[in-house]
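All of the numbers you see were taken from the coordinates with simple rules; none came from a lab. Worth saying up front: this structure is predicted, and the values here are computed from it rather than measured. Every residue, glycine as well, gets a Cβ built from its backbone with ideal geometry; the counts of neighbours run over all protein chains shown.
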Amino acid sequence: MDKWFNVGKIVNTHGIRGEVRVISKTDFSEERYKKGNKLYFFAEKSTEPVELAIKSHRKHKNFDLLTFEGYDNVNQVEKLKGGLLKVSDSQLHELEEGEYYYHEIIGCMVVTLEGEEIGTIREVLAPGANDVWVVKGKRGKEILIPYIEDIVKEINIVDKQIKILPMEGLLD
């Protein structure tokens with residue numbers, strides 16, 4: 001049985017020629033959205049994927065614009081809005097040392113170098129130069145931790161633990 005990993009969410013159509021606007025959830029958009037590559041579409045509340053072949057990809061503002069083989073007009077792609085684009089675990093590839101997939105980071109416990117538990121990573125944001133981890137703190141407060149060398153000191157995916165050296169004000 002395949003495990004599925006999100007690479008994007010279709011948020012709207014774009015134009016009349018079957019293009020969709022995608023908020024990307026992958027660091028590998030050039031590879032994932034390459035012409036001919038296969039993605040799997042999951043409609044909201046559906047567990048059955050629909051295979052889609054990429055016909056074209058381009059960037060526009062903060063979105064990835066995609067077209068799919070066999071979907072040539074806005075009427076055909078309208079029903080895709082709100083759905084998720086995923087890849088199976090067999091489509092994942094080895095990463096360089098020090099690189100991690102989001103699903104490996106999400107769920108990790110964040111602790112200080114002194115061993116104080118901060119909370120569990122719930123989400124990874126990619127707003128720009130570096131990722132930002134959304135941590136649900138012990139008291140229910142959300143803490144945003146930038147993934148930068150000055151703060152993140154050790155990542156142990158096997159034990160699901162990440163050690164940080166918080167800068168002043170980070171945990172306030």
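At what distance in angstrom do the alpha carbon centres of region 109-172 and region 26-50 lie from each other?
Going from one Cα centre to the other spans 29 Å.
Taking 7 Å along the Cα-to-C-beta vector as the label spot, tell me the Val158-Leu170 distance in nanometres, rounded to one decimal.
Using points 7 Å along Cα→Cβ, the separation is 2.5 nm.
Students often forget the sequence filter, so: which lysines lie under 29 Å Cα-Cα from Lys38 once same-chain residues fewer than 8 apart are removed?
Straight-distance partners of Lys38: Lys3, Lys9, Lys25, Lys55, Lys59, Lys61, Lys79, Lys81, Lys86.
Rounded if a/c is under 1.5, else prolate if a/b beats b/c, else oblate: with a ≥ b ≥ c from the C-alpha gyration tensor eigenvalues square-rooted, which is region 4-89? If you can, show how the numbers build up before the last one.
Numbers: a/c = 1.38, a/b = 1.11, b/c = 1.25.
In terms of gyration-tensor shape, rounded.
Once you've got the GNM for the chain with C-alpha springs shorter than 10 Å, pick whichever of Asn12, Asn130, Asn37 has the biggest mean-square fluctuation.
It is Asn130.
Where the Cα atoms of region 102-164 are projected onto their three principal axes, how long is each span, largest first, in whole Å?
29, 24, 22
What's the longest uninterrupted piece of the chain once you rule out the GluC sites (Glu not before Pro) that are loop residues per DSSP with at most 16 other Cβ within 10 Å? Don't skip to the answer; put the middle values down first.
On the way: sites that count: Glu44, Glu69, Glu94, Glu96, Glu97, Glu99, Glu114, Glu116, Glu149, Glu168.
Answer - 1-43.
With N set to the number of residues, divide the alpha-carbon radius of gyration of region 62-172 by 2.2 N^0.38 Å and report two decimals.
Values: Rg = 18.0 Å, N = 111, 2.2 N^0.38 = 13.2 Å.
That ratio works out to 1.36.
Which loop trypsin sites (Lys or Arg not before Pro) in region 33-99, with loop taken from DSSP, have no more than 14 other Cβ atoms within 10 angstrom of their Cβ?
Details: sites: Lys34, Lys35, Lys38, Lys45, Lys55, Arg58, Lys59, Lys61, Lys79, Lys81, Lys86; in loops: Lys34, Lys35, Lys45, Lys61, Lys81.
Listed in order of number, the matching sites are Lys34, Lys35, Lys45, Lys61.
Please find, in a Gaussian network model of the chain (springs between Cα atoms separated by less than 10 Å), the residue of Ser46, Ser24, Ser56 whose mean-square fluctuation is greatest.
Per the Cα network of the chain with a 10 Å cutoff, Ser46 tops the list.
Using Cα pairs under 8 angstrom and six or more residues apart, how large is the relative contact order of the chain, in percent?
Details: 335 pairs, mean separation 31.2, N = 172.
Across the chain, relative contact order equals 18 percent.
For region 133-172, state which trypsin sites (Lys or Arg not before Pro) are in a DSSP loop and have at most 11 other beta carbons lying within 10 Å of their beta carbon. Mind showing how you got there, number by number?
Details: sites: Lys136, Lys138, Arg139, Lys141, Lys153, Lys160, Lys163; in loops: Lys138, Arg139, Lys141, Lys160.
Of the trypsin sites (Lys or Arg not before Pro), the ones in loops of region 133-172 whose Cβ has at most 11 other Cβ atoms within 10 Å are Arg139, Lys141.
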